[in-house]
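Peer 1: To start, I am sharing the structure in question, which I have written as structure tokens.
The values are calculated or read from the model by the stated rules, or taken from the named source; none is laboratory data. Not measured: the values here are computed from a predicted model. So basically every Cβ, Gly included, is an ideal-geometry build from the backbone, and we count neighbours across all protein chains shown. These accessible areas exclude ligands, DNA and RNA; they are computed on the full protein's heavy atoms, side chains included. Shrake-Rupley method; radii C 1.70, N 1.55, O 1.52, S 1.80 Å.
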Amino acid sequence: MLNNRKSYPVLNHCIYANTAAYGLLNDELLEWRQNHDLDYLVGGSSMKIESLGLIGETRQIVGEFFKCKKDLIALVPNFSLGLNMLLEGLDSEEHILLLENDYPSVNWPVESRGFQISYAKIDEQLEQNILEKVRNNSVTVLALSLVQWINGIRVDLDFLKSLKKEFPQLLIIADGTQFCGAFEIDFENSGIDVLGASGYKWLLAGTGNGFFLFKDLAQRRFTIKTTGFNSANAVLTAKNTIPFNKHFEPGHLDSLNFGSLKCALEILNNIGMKEIAAHNENLSKKAGKGFDELGLLNNYVIQRNRHSTIFNIKDNNGLYNHLKEENVVCSRRGEGIRLSFHYYNTVEDIDAILEIIRKMR
């Protein structure tokens, strides 16, 4: 993984622990984007028309990367917009289970539409809390983030698979924005019916691109009304034969943004998601142990068997400002400091942060 750090110049002058806010720009992706816009500069509309094939190539690699049929993939500018379009097509009689204090772009769109809603508590027994709510509250839809944005709590994918087996009619909608690119997921063999994500965090694809993946059965639960000329691939006679996934693509998709997603996925593929996931698991264990020894983690994080690479530590004695002064890039979230590590981070980065904190005490 050390060789890959060279592709991210920002790492030369800081410890970057803020991927949960924005992933870094790879120099290979930068070169691709510059060449793309240079081609547009000199080619005009001819270049843009030719680049339409790039959208199909992006859909293809998204399908291969996450194991999903390409005709069940919708390319969207971001997760939030996609989820709002999706929920507009969901029956208002559905009973939706959310997680308390989940990411606002997961909970707010549900809460604003008049669905019957229940909430599961996020703590060390998160999965059990979800199971009890589903068993006892006639829940028909579960909508949640796979990794929690504030504290990094990570939902057990095996649990979601067993939950779906016990309740096959339960529709599971997942936000993978803080998961996809950091860890592996086989969508087709998961318990998830709908998986959406923005590409600018752990996928390192920049802003303006994202996707939604659907299972065959999931389509039957939605009546999507969003439409436009691009939904019909600019064919006037195809208005009444628009495929399910294309309802999420009513207007033109930008070749720069979605070509960036394609390039970013190719970069991750070249490194290998198994290697990235294993590295991130190691970073998670290292950081969790170090922050725990310093008494900086909440008990419900410590007591869970598996965690993400996002940690929220206590902001004692102006620690956040001190970390900034020491060139550690992180974020304030909730009542603490959120630190997040990706494959371009090292155990030495974590050791350096732990040493900075010890010296403050």
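Peer 1: Looking at L99 and the list (1) open to solvent by 10 Å² or more (accessible area, probe 1.4 Å); (2) free of Cβ contacts under 8 Å to residues at least 60 places away in the same chain; (3) under 28 Å from C330 (Cβ atoms); (4) more than 16 Å from the chain's Cα centre (by Cα), which single condition is not satisfied?
Peer 2: (1)
Peer 1: Now a separate question. Of these, K285, K274, K246, which one is within 19 Å of S51 (Cβ to Cβ), among the charged types (D, E, K, R) and assigned to a helix (DSSP H, G or I)? Explain how you work it out, then say what you get.
Peer 2: Details: K285 fails: within 19 Å of S51 (Cβ to Cβ); K274 fails: within 19 Å of S51 (Cβ to Cβ).
Exactly one of K285, K274, K246 is within 19 Å of S51 (Cβ to Cβ), among the charged types (D, E, K, R) and assigned to a helix (DSSP H, G or I), namely K246.
Peer 1: Next question. For the stretch 268-284, which positions are among the small types (G, A, S) and touching a residue at least 24 places away in the same chain (Cβ under 8 Å)? Walk me through it before giving the result.
Peer 2: Of all residues in the stretch 268-284, those among the small types (G, A, S) come to 272, 277-278, 284.
Of everything in the stretch 268-284, those that are among the small types (G, A, S) and touching a residue at least 24 places away in the same chain (Cβ under 8 Å) turn out to be A277, S284.
Peer 1: I want to confirm something. Restricting to the stretch 145-165 and keeping residues that are touching a residue at least 12 places away in the same chain (Cβ under 8 Å) and part of a helix (DSSP H, G or I), which single residue is most open to solvent (accessible area, probe 1.4 Å)? Working first, answer last.
Peer 2: As a first pass, look at the stretch 145-165 and keep what is touching a residue at least 12 places away in the same chain (Cβ under 8 Å): 145-157, 159-165.
Right, trim to part of a helix (DSSP H, G or I) and you get 157, 159-165.
Values: L157: 50, F159: 27, L160: 1, K161: 105, S162: 62, L163: 2, K164: 37, K165: 174 Å².
Going through the qualifying residues, I end up with K165.
Peer 1: Ok, one more. Write out, first by first residue and then by second, each pair whose Cβ atoms fall under 6 Å of each other, whose residues are 6+ apart or on separate chains, and whose first residue, in the stretch 115-136, is over 12 Å from E166 (Cβ atoms) while the second is acidic (D, E).
Peer 2: As it stands, the answer is F115/E94; Y119/E100; K121/E100; I122/E100; E127/D156, since those pairs meet every condition given.
Peer 1: For the stretch 224-239, give me each residue that is of a type in the set (A, V, I, L, M), under 16 Å from L75 (Cα atoms) and assigned to a helix (DSSP H, G or I).
Peer 2: Of all residues in the stretch 224-239, those of a type in the set (A, V, I, L, M) come to 224, 232, 234-236, 238.
Retained after the next criterion (residues that are under 16 Å from L75 (Cα atoms)): 224, 232.
Selection gives A232 alone.
Peer 1: Does the stretch 71-94 contain any residue that is outside any helix (DSSP H, G or I), among the acidic types (D, E), in contact with a strand residue (DSSP E or B) (Cβ under 7 Å, 6 or more places away or on another chain) and open to solvent by less than 80 Å² (accessible area, probe 1.4 Å)?
Peer 2: Taking the stretch 71-94 and keeping what is outside any helix (DSSP H, G or I), we get 73-78, 88-94.
If we keep only those that are among the acidic types (D, E) as well, we get 88, 91, 93-94.
Checking which are in contact with a strand residue (DSSP E or B) (Cβ under 7 Å, 6 or more places away or on another chain) leaves us with 94.
Subset that is open to solvent by less than 80 Å² (accessible area, probe 1.4 Å): 94.
Checked the stretch 71-94: at least one residue is outside any helix (DSSP H, G or I), among the acidic types (D, E), in contact with a strand residue (DSSP E or B) (Cβ under 7 Å, 6 or more places away or on another chain) and open to solvent by less than 80 Å² (accessible area, probe 1.4 Å).
Peer 1: State yes or no: is G272 among the small types (G, A, S) and modelled with pLDDT of 95 or more?
Peer 2: yes
Peer 1: Does the stretch 29-44 contain at least one residue that is small (G, A, S) and in contact with a Phe, Trp or Tyr (Cβ under 9 Å, 6 or more places away or on another chain)? Spell out the reasoning first.
Peer 2: In the first step, residues of the stretch 29-44 are kept if they are small (G, A, S); the result is 43-44.
Then drop every residue that is not in contact with a Phe, Trp or Tyr (Cβ under 9 Å, 6 or more places away or on another chain), which leaves none.
No - not one qualifying residue is present in the stretch 29-44.
Peer 1: For the stretch 207-229, how many residues meet the condition of being touching a helix residue (DSSP H, G or I) at 6+ places or on another chain (Cβ under 9 Å), surrounded by 15 or more Cβ atoms within 10 Å (Cβ to Cβ) and of a type outside the set (S, T, Y)?
Peer 2: Of the residues in the stretch 207-229, 12 are touching a helix residue (DSSP H, G or I) at 6+ places or on another chain (Cβ under 9 Å), surrounded by 15 or more Cβ atoms within 10 Å (Cβ to Cβ) and of a type outside the set (S, T, Y).
Conditions (1) in contact with a Gly (Cβ under 8 Å, 6 or more places away or on another chain); (2) under 17 Å from D349 (Cα atoms), marked per residue:
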position: N282; (1), (2): no, yes
position: Y300; (1), (2): no, no
position: K314; (1), (2): yes, no
position: N321; (1), (2): no, no
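Here's the yes/no breakdown for (1) at pLDDT 95 or above; (2) open to solvent by 50 Å² or more (accessible area, probe 1.4 Å); (3) not basic (K, R):
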residue: D292; (1), (2), (3): yes, yes, yes
residue: N299; (1), (2), (3): no, yes, yes
residue: E325; (1), (2), (3): yes, yes, yes
residue: G336; (1), (2), (3): yes, no, yes
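Peer 1: Pull up the stretch 10-66, narrow it to residues that are farther than 30 Å from E326 by Cβ, touching a residue at least 60 places away in the same chain (Cβ under 8 Å) and of a type in the set (S, T, N, Q), then point me to the one that is most open to solvent (accessible area, probe 1.4 Å).
Peer 2: Ranking the candidates gives S51 first.
Peer 1: In the stretch 39-46, is there at least one residue being part of a helix (DSSP H, G or I) and closer than 18 Å to T177 by Cα?
Peer 2: no
Peer 1: What residue, among those in the stretch 122-131 that are touching a strand residue (DSSP E or B) at 6+ places or on another chain (Cβ under 8 Å) and open to solvent by 20 Å² or more (accessible area, probe 1.4 Å), is farthest from E100 (Cα to Cα)? If you could, list the steps in order and put the result at the bottom.
Peer 2: Initial filter on the stretch 122-131 (touching a strand residue (DSSP E or B) at 6+ places or on another chain (Cβ under 8 Å)): 122, 126, 129-130.
Now restrict to residues that are open to solvent by 20 Å² or more (accessible area, probe 1.4 Å): 122, 129.
Working: I122: 6, N129: 11 Å.
So, considering only residues that are touching a strand residue (DSSP E or B) at 6+ places or on another chain (Cβ under 8 Å) and open to solvent by 20 Å² or more (accessible area, probe 1.4 Å), the one farthest from E100 (Cα to Cα) is N129.
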